[in-house]
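Working notes for the structure below.
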Amino acid sequence: MYYSCFVHTVEGLFPKSIVEYYRKKKAQCREKKHRCVYNRIVRKIKKKERPIIVLFFALDSNTWKYDSLFQAMQKDPVFSPTVLAVPQVNKGKDFMLYQLKHGCEYYKSKGYPTVCSYNEETDSYVDAFSLHPDIIFFSNPYDGLVDDRYNIRHFANKALTCYVNYGFTGSNMKVFIASVFHQKVWRYYCETKESIKSAKEYYSAGNCVFSGYPVFDLFENTVATGKDWKLGDEQLKRVIWAPHHTIEGQTQLIQYSTFLLYYDFMLHLAEEYKDKIQVVFKPHPLLKPALYGHPDWGKERTDAYYDRWADGGNTAYVNGDYVDLFKSSDAMIHDCGSFFYEYLYFNKPVMYLDTFGRVNMDNNVVKNAYKCHYIGKSENDIRGFIERVVIGGEDTYEEKRKSFYDKFLLPPNGMTVAENIINDIKKALGK
């Protein structure tokens, strides 16, 4: 309490270094408080002889990164995992119902024990405590994204809370690595050592554990079927176009998306090279609602545009899970955050559309990842990438991508990411 009041008092009166010192002190006090509570919960769980009940608060398939961990826990008698599909409420009720319906169907189709958190007929929500969780894994750190009933503040003093980034994070921005949420969880499983180093700039990061990024377990073990590509002609190169949702004109923390610059050009490009390539449109799932709210687009125009990709002879629209899509592709063009790192796992040519020059080069991970990308700042750059690299095979960045994989993407300890997380939990609980 003292540090909280003092920070607000000295804001604007003292140098930034002094203010940051007391901010970190405040974070350390908060962390110490959480450690005491979690130690009590650990002692309580250690006494239980039944399996540890693990509840996964899940949104849709795009942000679900826990497949390998969930499946490993299903096979381990120490754990009893369940998915609780939680409602995303920041895009209106129609979007919430759509997202929740498809999310529940997705998890059930995988054979996961699944509970849908909202009943539309009775307008009622599931009390998460009725499922008796010992451990809760969250899928997203942002306040206001999901219904408040499933906010971490209701659970941090009654269960062990855990988090893995929903997207590979290479930024030092506090909102992505060291918010109050990140400081509050019992375990924050990080994809790189650099992530922990960055978090330490804001708080002691005593809850951070280097585990690797769970989706890479799936990348390693999935056998590609090519189900997302319409044409079976092996002579046609398979290209993904993945635009981000942070379009111009929308209130956003970040604005990466170049969609409004290239939406028409990319369709023309697919048509121009229809004898050489096929293209899958894989937008961020929030791009559609962002376009619905854009004054120059709206629902009718947006739906018609998406249909053009779905109906084209050598084009397709893909929403949801993208592991098979990545593995079966030949190249990608994008301006997304997590794909900036995830696609490098496959060591395939990739172009990043940095037309606005907004990549925040604040640590070694992002700096090295940037060097692995062909950079696009214009239509000519994109066309050149298609002609020379994708079709022509002049891929000069292959060794850079291999080096990045070895240095930043391999999980530690010679184990899978799921094994690293499970071993850490078992060690902490004496199991």
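For segment 46-68, give me each residue that is outside any loop (DSSP other than H, G, I, E, B) and either surrounded by fewer than 18 Cβ atoms within 10 Å (Cβ to Cβ) or in contact with a His (Cβ under 6 Å, 6 or more places away or on another chain) (or both).
Correct list: Lys46, Ile53.
Given Tyr213, Tyr202, which one is in contact with an Asp or Glu (Cβ under 6 Å, 6 or more places away or on another chain) and buried (at least 17 other Cβ atoms within 10 Å of the Cβ)?
Being in contact with an Asp or Glu (Cβ under 6 Å, 6 or more places away or on another chain) and buried (at least 17 other Cβ atoms within 10 Å of the Cβ) holds for just one of Tyr213, Tyr202, which is Tyr213.
Every residue in segment 76-92 that is among the small types (Gly, Ala, Ser), open to solvent by 10 Å² or more (accessible area, probe 1.4 Å) and within 23 Å of Ile421 (Cα to Cα), please.
Selection gives Ser80 alone.
Test each condition in (1) surrounded by 15 or more Cβ atoms within 10 Å (Cβ to Cβ); (2) in contact with a helix residue (DSSP H, G or I) (Cβ under 9 Å, 6 or more places away or on another chain) for Gln255 and report the one that comes out false.
Here Gln255 meets the rest and fails (2).
If I ask for residues that are more than 19 Å from Ser403 (Cα to Cα) and surrounded by fewer than 21 Cβ atoms within 10 Å (Cβ to Cβ), which ones from segment 338-366 would you list?
Hits for segment 338-366 are Asp354, Thr355, Phe356, Gly357, Arg358, Val359, Asn360, Asp362.
Return the only residue of Thr222, Thr246 being buried (at least 17 other Cβ atoms within 10 Å of the Cβ), modelled with pLDDT under 95 and polar (S, T, N, Q).
Thr246
Would you be able to tell me the number of residues in segment 145-168 that are closer than 20 Å to Ala205 by Cβ and either part of a helix (DSSP H, G or I) or open to solvent by 20 Å² or more (accessible area, probe 1.4 Å) (or both)?
Of the residues in that region, 2 qualify.
Taking segment 89-121, which residues are acidic (Asp, Glu) and either assigned to a loop (DSSP other than H, G, I, E, B) or within 27 Å of Ala72 (Cα to Cα) (or both)?
Glu105, Glu120, Glu121
Can you report the number of residues in segment 118-134 which are closer than 17 Å to Ile53 by Cα and either among the charged types (D, E, K, R) or in contact with a helix residue (DSSP H, G or I) (Cβ under 7 Å, 6 or more places away or on another chain) (or both)?
The total comes to 3.
Could you count how many residues in segment 169-215 are in a loop (DSSP other than H, G, I, E, B) and under 17 Å from the mean Cα position of the chain (by Cα)?
Adding up the residues that qualify gives 13.
I'd like to check something: does segment 388-401 contain any residue that is at pLDDT 95 or above, open to solvent by 60 Å² or more (accessible area, probe 1.4 Å) and farther than 30 Å from His268 by Cα?
Yes: one or more hits.
What strands (runs of 3 or more DSSP E) lie completely within segment 252-370 and have 3 or more residues being within 29 Å of Lys193 (Cα to Cα)?
Working: elements: 277-281, 315-317, 331-334, 350-353.
Once the strands (runs of 3 or more DSSP E) in segment 252-370 are filtered for at least 3 residues that are within 29 Å of Lys193 (Cα to Cα), what remains is 331-334, 350-353.
Suppose the filter is on the phi > 0 side of the Ramachandran plot and either in contact with a strand residue (DSSP E or B) (Cβ under 8 Å, 6 or more places away or on another chain) or free of Cβ contacts under 8 Å to residues at least 12 places away in the same chain (or both); does Asp123 pass it?
Considered against the rule, which asks whether it is on the phi > 0 side of the Ramachandran plot and either in contact with a strand residue (DSSP E or B) (Cβ under 8 Å, 6 or more places away or on another chain) or free of Cβ contacts under 8 Å to residues at least 12 places away in the same chain (or both), Asp123 comes out as yes.
Of all residues in segment 371-387, which are part of a loop (DSSP other than H, G, I, E, B) and open to solvent by 50 Å² or more (accessible area, probe 1.4 Å)?
Lys377
When you scan segment 373-381, do you find a residue that is at pLDDT 95 or above, of a type in the set (Phe, Trp, Tyr), within 21 Å of Ala242 (Cα to Cα) and in contact with a helix residue (DSSP H, G or I) (Cβ under 7 Å, 6 or more places away or on another chain), even just one?
The answer is yes; a qualifying residue exists.
The values are calculated or read from the model by the stated rules, or taken from the named source; none is laboratory data. These numbers were taken from a predicted model, which means no experiment stands behind them. FYI the Cβ positions are ideal-geometry reconstructions off the backbone, even for glycines, and counts take in every protein chain you see. These accessible areas exclude ligands, DNA and RNA; they are computed on the full protein's heavy atoms, side chains included. Shrake-Rupley method; radii C 1.70, N 1.55, O 1.52, S 1.80 Å.
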